[in-house]
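Shown next, in structure tokens, is the structure this report addresses.
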Amino acid sequence: MSELGRLALLLGFACSVFAVGSIAWGLRTGLSGPLRSGRRAVWAVCGLALLAVILLERALLARDMSYRYVAEHTSKDLPLHYAFTSLWAGQEGSLLLWLLILSAYGSAFLFAYRKRLDPFYDAVAMVVASVMIFFTGLLSFVCSPFRILATPPADGMGLNPLLQDPGMMIHPPILYTGYVGFIIPFGFAIAVLLLNRSGTRWIEEVRRWTLFCWGFLGVGILLGARWAYIELGWGGYWGWDPVENASLMPWLVGTGFLHSVMIEQRRGMLKTWNIVLIVLTFELSIFGTFLTRSGVLTSVHSFAESNIGPWFLGFILLSATIATALILYRKALLESENRMDAIVSREGSFLFNNVLFVALTFATFLGTTFPVLSEAVTGTKISVSAPFFNRVNVPIALALLLLTGAGPVLSWKRATASVLQRNFILPLFMGTLATLIALPFGATGVYPLVCIFAAAFVTTTIVMEFARGIQARKGLEAGALPAQVTQLVRKNKRRYGGYIVHAGMVILFVGVLGSSVFQKEAHAPLKTGDVLRVGPYTLTMRGVTERQKENAVYTTAILDVKHGNRFIATEHPSKALYTKSQQPMTEVALHTTPAEDLYMILGGVNEDGSASIQAYINPLVSFVWVGGLVMVFGTLIAVSDKMRLRREEKEAP
Amino acid sequence: MGNSIRLALLTLIFVAAVGYLIMTGVRQTGMHYMTVTELAHLDRAPKSEAFRLDGTVAAGSVVYDQKAPKLQFQMTDGKEHIAVVYDGLMPDAFAAGREVVVEGAYRHQERALHASKLVTKCPSKYEAKGLGKDKS
């Protein structure tokens, strides 16, 4: 069976090469035959990748220990669902999943545009296929998932306990769906340059694809944060770890692009800039995979050190060079149709928004790769971590948050004084009010206060925008307020979906502020009957139990939790000891309320029978997750909007 | 025209501000990043105490007081040793022989690194070396 797997990947490689060659020939000669065969080859790669995945899954589920990959990542006592998800526990399987998603995107793309007989779409498919060459090549010649062991062990190494978590079952596929999806916008950009296409139809199509994978990437990042919060047991959800940064960077540039693309649609400006952003987003996605998989930088998440680093770097350099050369070659195509009229305008705010997003990405990139860069430049290695990112990224992010409120209410071309007056007085007032209210609650420091001000400011502008929309539609339809809001959103899903995403972002910022500035911690060894106080909570130790469950032994502390004098719950922070690897794993106990999380860790049982307990109060953490969900909801609304084309585009099919 | 000059000026100010943030950020939060041997061979106290160090937990060197909690161990790169003190719970994947990354303050008189952050690299990969060769 392993031979069949190798063969599938090898055929996939051949089909990818064929697809690129055939489509290139078709584009050159204008013949439709080669284009059609090229498209079919893309479909074939998808089928072959699926076959390879099925074959590897079969081996994983059967725990066929003659496969190196199976022996490395599973064991016989591993529950079935984790055996299934161990497909993406290691490098080879992860790359295979990459390939599957990549080829699925290629096929989905061809299916979506199957009725368009424009070779433009074939050119996009050609770009996708050339990336497929890279991945099928890696999987065939550099790191095959179908390596067979000379002497199969009796049992496997087992799955890393950190990955034995429900969140970890879905986090990688969702993150990859986001990462990989940026191939489609990248393909569009390259196709436009290759074929020298003008017009804005493609930009509208790209916006939808980008929104789709941007949404997935966002969900992936959130799930990663949630996993870190629950599984890593250090009381936080974001540590500016290289791998976290790697997933954040394409998201940031993608967000910038989603904004600036609106200027191109409306005003025909920033064309070069938009192409650069698309290319950058894609390269950062590949770079993210490279960071996660190459072990160049040390990280909690870097599971492997491997030989694929140079290949990825080479691929990034090659694709970036081609893209840059094409952009320079087609400079005339990317000429701006308009000039900016005034800085205080919608365009101005979008431009500033873009500069901020790129600055944020740049700072993150610099911080993440600083050891490598500083060694190259000065010869001494300097490393930066969380404090650097908090110093540099927080002010930029806060400026962005403020802009979230200002941008949407500025008018296009030029905002007049009366517009400014009408739109800004109430939000400024509400922001100031919120800041004054927050002061007695112990909010000190410039950044927390700016964050509170900005949150109230932005929320007010969003509410005003909704109110104004409903006002404008008064008389068209009567009805209760919720019905009117739904009607309004339905009429312009893109715009109001965007506002909902903004609202989610505000909620998320408030959550980050609360949990980072106001965290409380307490720890103590507790014997039965002992008490630990943290904030308003009292934890009383009831004893420690031990039991075997599936592939691990769980030591569990039983804690009665009181808030003031009121009993609220019995909690069970645990430590699992995995039988196979003898690897301990902290199982956090979490008591969640809308206002705060009580986060409890069992450090272990001491010689005198006491159990070391560490407890955190993380205020407003739930806002982070709720904010994220609201953002997803807004994205779904925006992505469901119909195509909006400029008049001239509609007329010319 | 006045507009593009104003725009260029704004961009300049902005780039300067971000540059300033990054420069001061590195200066105030940057850590020396070297190998255990390089650190052990320093003959005088470094200008800044902030250090980041990669290495392996030396066998038999781990002293853990779970009640405090306080974790002490020797970190090695195969040649030299540096003492590490960490006030916190032992991370799950921590054990002698594992690769770790520590960040903290290096006290030259004590020849010890007081870690504020301790990250254990995932062990799965080097255990897998025990699986032997591929069938050709």
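Read-outs throughout are calculated quantities, based only on the coordinates presented, and are distinct from any laboratory measurement. These figures come from a predicted structure and were not determined experimentally. Cβ coordinates were reconstructed from backbone atoms using ideal geometry, including for glycine residues, and neighbour counts include every protein chain displayed.
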Length gained if A:F633 through A:L117 is fully extended, taking 0.36 nm per residue and subtracting the Cα-Cα distance, is 182.3 nm
Going by average Cβ density within 10 Å per residue, which order do the peptides A:490-497, A:437-444, A:355-362 take, highest to lowest? A:355-362, A:490-497, A:437-444
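Past 21 Å, Cα to Cα: identify those pairs from A:K76/A:K549; A:K575/B:K121; A:K381/B:K47; B:K79/B:K117, in the order given. Present the calculation step by step, with values, prior to reporting the outcome.
Numbers: A:K76/A:K549 15 Å; A:K575/B:K121 19 Å; A:K381/B:K47 15 Å; B:K79/B:K117 23 Å.
The answer is B:K79/B:K117.
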Across peptide A:145-158, what mean number of C-beta atoms from other chains lies inside 10 Å of a residue's C-beta? 3
If each K or R counts +1 and each D or E counts -1, the residues other than B:L21 whose Cβ falls under 13 Å of its Cβ total +2
Binned at 20 Å from zero, the C-alpha pair distances of chain A give percents of 17, 47, 32, 5, 0
Which number do you get for Rg(Cα) / (2.2 N^0.38 Å) in the stretch A:1-120? 1.28
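Return A:V621, A:V639 ranked ascending by Cβ neighbour count within 10 Å, so the fewest neighbours appear first.
Working: A:V621 26, A:V639 18.
Least crowded to most crowded, the residues run A:V639, A:V621.
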Length added when fully stretched, A:E375-A:S336, from 0.36 nm per residue minus Cα-Cα: 10.0 nm
Run the numbers on chain A and let me know its relative contact order in percent, using alpha-carbon pairs under 8 Å that are six or more apart. 11
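Please report the net charge: other residues with Cβ closer than 13 Å to the Cβ of A:P79, K and R +1, D and E -1.
So the surrounding residues net to +1.
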Just tell me how shielded A:85-92 is by partners: mean number of partner chain Cβ atoms within 10 Å of each residue's Cβ, no decimals. 1
Relative contact order for the stretch A:527-653, counting Cα pairs under 8 Å that sit 6 or more residues apart, in percent: 15
Per-residue counts of other Cβ atoms within 10 Å, averaged by peptide: what ranking do you get for A:313-322, A:78-87, highest first? A:78-87, A:313-322
Would you mind ranking A:D241, A:D155 by Cβ crowding within 10 Å, fewest neighbours first? A:D155, A:D241
Listed peptides A:420-432, B:3-15 by packing density, highest first (mean Cβ within 10 Å): A:420-432, B:3-15
Defining a contact as two alpha carbons under 8 Å apart and six or more residues distant in sequence, what relative contact order in percent does chain B show? 20
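I'd like the mean, over residues of B:83-91, of how many other protein chain beta carbons sit within 10 Å of each residue's own Cβ.
Values: counts 0, 0, 0, 0, 0, 4, 10, 5, 6.
For peptide B:83-91, the averaged partner shielding equals 3.
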Taking a point 7 angstrom from the Cα of A:L318 along the C-beta vector, which residues in the stretch A:269-284 have backbone N less than 20 Å away? A:279-284
Considering the Cα trace of the stretch A:460-611, what is its radius of gyration and what is Dmax, both in angstroms? 24.3, 76
With angles folded into 0 to 90 degrees, how steeply does helix B:2-29 sit against the dominant principal axis of chain B? Use alpha carbons for both and round to 10. 30
For the stretch A:346-484, list log₁₀ I(q)/I(0) at each q in 0.09, 0.18, 0.20 Å⁻¹, using the Debye formula over Cα point scatterers of equal strength and ignoring solvent, two decimals each. -0.43, -1.07, -1.17
What does the charge count near A:A415 come to, summing +1 for each Lys or Arg and -1 for each Asp or Glu among other residues with Cβ under 14 Å from its Cβ? +2
Please give me, ordered by residue number, the GluC sites (Glu not before Pro) of the stretch A:305-345 that lie in loop per DSSP and have at most 15 other Cβ atoms within 10 Å. A:E335, A:E337
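Please arrange A:E465, A:E92, A:E607 by how many other C-beta atoms lie within 10 Å of their C-beta, fewest to most. Don't jump to the answer; show the numbers that get you there.
Numbers: A:E465 19, A:E92 24, A:E607 7.
Going from least to most buried by this count: A:E607, A:E465, A:E92.
Using the Kirkwood formula over every pair of different C-alpha atoms, what hydrodynamic radius in Å results for the stretch A:429-519?
Roughly 14.7 Å, rounded to one decimal.
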